[in-house]
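Participant: Just passing along the structure, written as structure tokens.
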Amino acid sequence: MKRVVIIGIGFGGIRAARELAGQGLEVVLVDRNNYHLFQPLLYQVATAGLEQESIAYPIRAMSRHWTGTRFHLAEVRAVDFAACKVLTSHGEIGYDYLVVAAGSVTNFFGLDSVERHAYDLKKLADAERLRNQILTAFERAVVEPDPAKRRALMTFVIVGGGPTGVEFSGALIELVRYVLAKDYPELSVQAARVVLIEAFDRLMAAMPEQLQSYTLNKLRSMGVEVLLNARVTDAGPERVVLHDGAVIPAHTLFWSAGVKAAPLAGSLGVGLKPGGRVPVGADLSLSGHPEVFIVGDMAWLEQDGVPLPMVAPVAMQMGTYAGKAIKLREQNLPVPPFRYHDKGSMATIGKSAAVAMTHGMKLKGYPAWIAWLLLHLYYLIGFRNRVVVMLNWIWYYWFHERQVRLITDQDGTR
Ligand SMILES: Cc1cc2nc3c(=O)[nH]c(=O)nc-3n(C[C@H](O)[C@H](O)[C@H](O)COP(=O)(O)OP(=O)(O)OC[C@H]3O[C@@H](n4cnc5c(N)ncnc54)[C@H](O)[C@@H]3O)c2cc1C
């Protein structure tokens, strides 16, 4: 029986696995985590809106229903293409076909001080760490006699005006204004600052202008300070420095200004494209290795002259395609080239406010928000997770409460 190894059970890997299960192939799933993570909702864990368990799902709970599939918990260190072997922290795994879907990591663009002092959101633990930091900062502010230091503790700087920065800023200002205001009556909530910094002259660059200005106006009306045409160049534990030398005293810096391919890309021994991404052919295979497919954030493929974005729908469509391509190869049938079908994009800004663009339609406000909620529930894995997430959202909608206001660890908070 031929063996397919899939590295990374994120959005791309999971789709490839589903396509290949029960097809008379041995499918080995390899991931450093024993769960699939729904990254688009990480910011809600960080802002105390959701339990971390509700946005993750055990890989074995999925694979036990997928005939011919088994899971291997390991860190992949490299691939030996000549010997057709994946080299992991727990031994080698031979393959006939390989799907590499190891995703991406945060890109700090060489800003070392920012990397040292900023929080990012890529892993489940990052979200918990950031939540601990936000809540600990408020606890410290309560006992801080110096007004300037208190304000710095209550200042949160967010870098990157894309969907993650916008969603996080909106969720954070709502946490502060609606929930923490009640928890900390001794603090003036008006003194808390949520500052969103964007290098370009607009937020949500991939959206139409009308939705960009809606996002900007909505965030500002909610109390977020949005700085456009501004760049962070340096950071310390209690300050953030902008390109023009301006200093924002702040204990919390959240970086969402970019991602780059997972470090595994660098160990594949091929020339990389911008963002460390791996160039692939029209069938997503690696040059000279038709049996190796690269999918998702790691893959660099241009369509109509522009590289495909590093987003979940691209990864899912690529994963499904790679699975189908392997099945076609096994039947000695031709494999058509991959084509991404863009069904649109969306982002939520706050309660009853979101922007969405789909099939030429532009939605904003309440209808976009409902569409966002339904779509995220649909793509979340696991019935229980969907119920828990929906209940949390309903609870917040009616009572303005976020239950997960827990500081689970104070190490690393400032
Ligand atoms: C905070 C945040 C918010 C986002 N919001 C959105 C959104 O709203 N809409 C949207 O479309 N996209 C969003 N994205 C982007 C989206 O999550 C990614 O594009 C998508 O996850 C890419 O899928 P992938 O399969 O390439 O990688 P991933 O889903 O990241 O999966 C990669 C997997 O590989 C594993 N892995 C990595 N390296 C190794 C290794 N060496 N050994 C073993 N296992 C390894 C990881 O553990 C992981 O399970 C968001 C991303 C983040 C971080």
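Participant: Accessible area of the chain with a 1.4 Å probe: how many percent of it is carbon plus sulfur?
Facilitator: So the carbon and sulfur contribution to the accessible surface is 54 percent.
Participant: Determine which lysines satisfy two conditions relative to Lys2: a Cα distance under 17 Å, and not lying fewer than 8 residues away in the same chain.
Facilitator: By straight Cα distance, Lys2 reaches Lys85, Lys324, Lys327.
Participant: Can you tell me the 0 to 90 degree angle between the C-alpha axis of helix 124-142 and the longest principal axis of the chain, rounded to 10?
Facilitator: Tilt relative to the chain: about 10 degrees.
Participant: Treating the angle as unsigned and between 0 and 90°, give the value, to the nearest 10°, between the Cα long axis of helix 383-399 and the longest Cα principal axis of the chain.
Facilitator: Approximately 20 degrees, to the nearest 10.
Participant: Below 11 angstrom from the Cβ of Trp395, what's the summed charge of the other residues (Lys, Arg +1; Asp, Glu -1)?
Facilitator: Net charge in that neighbourhood comes out at 0.
Participant: Whose amide H sits under 5 Å from the amide H of Val194, counting only residues 5 or more places off or on another chain, with H placed in the peptide plane?
Facilitator: The answer is Phe156, Glu225.
Participant: Can you put Phe109, Phe11 in order of accessible area, largest first, using a 1.4 Å probe?
Facilitator: Greatest to least solvent exposure: Phe109, Phe11.
Participant: Would you rank Thr233, Thr69 by solvent-accessible area, highest first, keeping every protein chain in place and using a 1.4 Å probe?
Facilitator: Largest accessible area first, the list is Thr233, Thr69.
Participant: Show me, for segment 407-414, the HN-Hα J-couplings you get by feeding each phi into the Karplus relation (A = 6.51, B = -1.76, C = 1.60, θ = phi - 60°), rounded to Hz, glycine and proline as x.
Facilitator: 9, 8, 6, 9, 5, x, 8, 9
Participant: While we're looking at this one, here's another question. Considering only DSSP beta bridges where both residues belong to the chain, give the percentage that are antiparallel (nearest 5).
Facilitator: Bridges in the chain that DSSP calls antiparallel: roughly 50 percent.
Participant: Arrange the peptides 97-106, 368-377, 263-272 so that the one whose residues have, on average, the most other Cβ atoms within 10 Å appears first.
Facilitator: 97-106, 368-377, 263-272
Participant: While we're on this one: How large is the Kirkwood hydrodynamic radius of segment 267-414, in angstrom, based on all distinct alpha carbon pairs?
Facilitator: One decimal place: 18.7 Å for the Kirkwood radius.
Participant: Identify all lysines with a Cα-Cα distance to Lys122 below 25 Å; exclude those on the same chain that are fewer than 8 residues away in sequence.
Facilitator: Hits, sequence-local ones excluded: Lys260, Lys273, Lys343, Lys351.
Participant: Dividing the alpha-carbon Rg of segment 81-165 by 2.2 N^0.38 Å yields what? Working shown, then result.
Facilitator: On the way: Rg = 20.5 Å, N = 85, 2.2 N^0.38 = 11.9 Å.
In units of the globular-protein estimate, segment 81-165 measures up at 1.72.
Participant: When the Kirkwood radius is taken over all Cα pairs of the chain, what Stokes-Einstein diffusion coefficient follows at 4 °C and 1.567 mPa s, in µm²/s?
Facilitator: 58
Participant: Continuing with the same structure: Okay, helix-only estimate at 222 nm for the chain: each DSSP H run of n ≥ 4 adds -39500 (n - 2.57), divide by all residues, round to 500 deg cm²/dmol; what do you get?
Facilitator: Numbers: 11 runs with 128 residues, N = 414.
The helix-only estimate for the chain comes to -9500 deg cm²/dmol at 222 nm.
Participant: May I ask you to derive the FRET efficiency for Leu228 and Asn34 from their Cβ-Cβ distance with R0 = 41 Å, giving the value to the nearest 0.05?
Facilitator: Taking R0 as 41 Å, the efficiency between Leu228 and Asn34 is 0.45.
Participant: If you don't mind, another one. How much length is gained if the chain between Glu330 and Lys122 is pulled fully straight, taking 0.36 nm per residue apart and subtracting their Cα-Cα distance, in nm to one decimal?
Facilitator: 71.3 nm
Participant: Which aspartates and glutamates, on any chain, are close to Lys362 with Cα under 13 Å apart, when same-chain ones fewer than 8 places away are left out?
Facilitator: Glu209
Participant: Amide H neighbours of Tyr35 under 5 Å, counting only residues 5+ apart in sequence or on other chains, H built in-plane at 1.01 Å?
Facilitator: Here Ile59 satisfy the definition.
Participant: Using amide H atoms built 1.01 Å from N in the peptide plane, name the residues 5+ places from Gly258, or on other chains, whose amide H lies under 5 Å from its own.
Facilitator: Amide H neighbours of Gly258, under 5 Å, 5+ apart: Asn107.
Participant: How far is it, in nm, from the label point at Arg3 to the one at His359 when both lie 7 Å from their Cα along the line to the Cβ?
Facilitator: It is 4.5 nm.
Participant: Now for a separate question. Accessible area per residue for segment 102-253 in Å², computed with a 1.4 Å probe and the full protein assembly in place, what is it?
Facilitator: Roughly 41 Å² per residue, with all protein chains present.
Participant: Report the accessible area of Glu144, computed with a 1.4 Å probe over the heavy atoms of all protein chains in place, in Å² rounded to the nearest 10.
Facilitator: Per-residue accessible area (Glu144): approximately 40 Å².
Participant: With the crude spin-label approximation of a point 7 Å out along Cα→Cβ, what separation in nm comes out for Leu73 versus Leu242?
Facilitator: 4.6
Participant: Students sometimes get this wrong: rank Leu211, Leu121, Leu363 by accessible area, probe 1.4 Å, all chains present, largest first.
Facilitator: Reading off the accessible areas and sorting them downward yields Leu363, Leu121, Leu211.
The values are calculated or read from the model by the stated rules, or taken from the named source; none is laboratory data. On a predicted model such as this, the values are computed, not experimentally measured, just so you know. Here the Cβ is made from the backbone with ideal geometry for all residues, glycine too, and neighbour counts use every protein chain on show. The protein model used for the area step is the full one, side chains on, heavy atoms only, and it has no ligands, DNA or RNA in it. Shrake-Rupley method; radii C 1.70, N 1.55, O 1.52, S 1.80 Å.
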